[in-house]
Amino acid sequence: QVQVVESGGDLVQAGGSLRLSCTASGLTFDKSSMAWFRQAPGKEREGVSCIGWLSGNTNYADSVKGRFTISRDNAKNTLYLQMNSLKPEDTARYYCVARPYLCSSQQILAGSAAHWGQGTQVTVSS
C-alpha cells in the first residue's frame, strides 16, 4: 500500500520561510513524478509545484514562481518544498501527491492513480 506523509507546516509571519517534507513508501520513488497541491477553506484545490524523475524537470504555479523551490532526495524517498517570502495568500493545507496525472508548465493535475498524503497546515499571518 502506498503511504504518503507530509510534515513541516507551521504558523509564520509574512515574509518568513518554511520547508515542507514528504516521505513516500510503497512505490518506486525514483521513477515517480511528485507534486505539491494546496487548498484553502472555501477555495478550490490548486497545483503548486511538481517534479519529474530528474530534479531538473520542475514546474510551478505562477503564484509561487521565484519564491518556492521543489526538490527531491531519492536516497531518502523524500520530497521537499522550500517556501520563501511567504504571503498571507499562501495560507492553506498543503498536500504531497505521488504520481500526478500531469506535470507541465501549463498545468499540474492529479488523477485517479495519484496518491495523496493527509496534508500539513501552513498559516501565514500579516
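The values are calculated or read from the model by the stated rules, or taken from the named source; none is laboratory data. Just so it is clear, the model here is predicted, and its values are computed rather than measured. Glycine gets a Cβ as well: all are built from the backbone with ideal geometry, and neighbour counts include every protein chain shown. All accessible areas refer to the heavy atoms of the entire protein, side chains included, with ligands and DNA or RNA removed. Shrake-Rupley method; radii C 1.70, N 1.55, O 1.52, S 1.80 Å.
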Self-check item: Estimated FRET transfer efficiency when R0 is 22 angstrom, pair K87-E44 (beta carbons, to 0.05)
Solution: 0.75
Quiz item: How far is it, in nm, from the label point at V2 to the one at S17 when both lie 7 Å from their Cα along the line to the Cβ?
Solution: 3.1
Quiz item: Pick from A35, A75, A114: which is most flexible by mean-square fluctuation in a GNM of the chain where alpha carbon atoms under 10 Å apart are linked?
Solution: A75
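In debye, nearest 20: dipole of segment 14-126 around its Cα centre with unit charges on the Cβ of K, R (+) and D, E (-)?
Taking the Cα centre of segment 14-126 as origin, the dipole is about 100 debye.
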Quiz item: For segment 1-65, which whole percent of the accessible surface, found with a 1.4 angstrom probe, sits on carbon and sulfur atoms?
Solution: 45
Quiz item: For the chain, modelled as a GNM with alpha-carbon contacts under 10 angstrom, which of G42, G111, G26 fluctuates the most?
Solution: G42
Quiz prompt | Point-to-point label distance, R67-W53, nm (Cα→Cβ direction, 7 Å offset) | solution = 3.4
Quiz prompt | segment 1-83 - percent relative contact order, Cα under 8 Å, separation 6 or more | solution = 29
Quiz prompt | Largest-first principal axis extents of the Cα set of segment 43-96 (Å) | solution = 33, 20, 18
Quiz item: How much area per residue is accessible in segment 1-48 when the probe is 1.4 Å and only protein heavy atoms are counted (Å²)?
Solution: 55
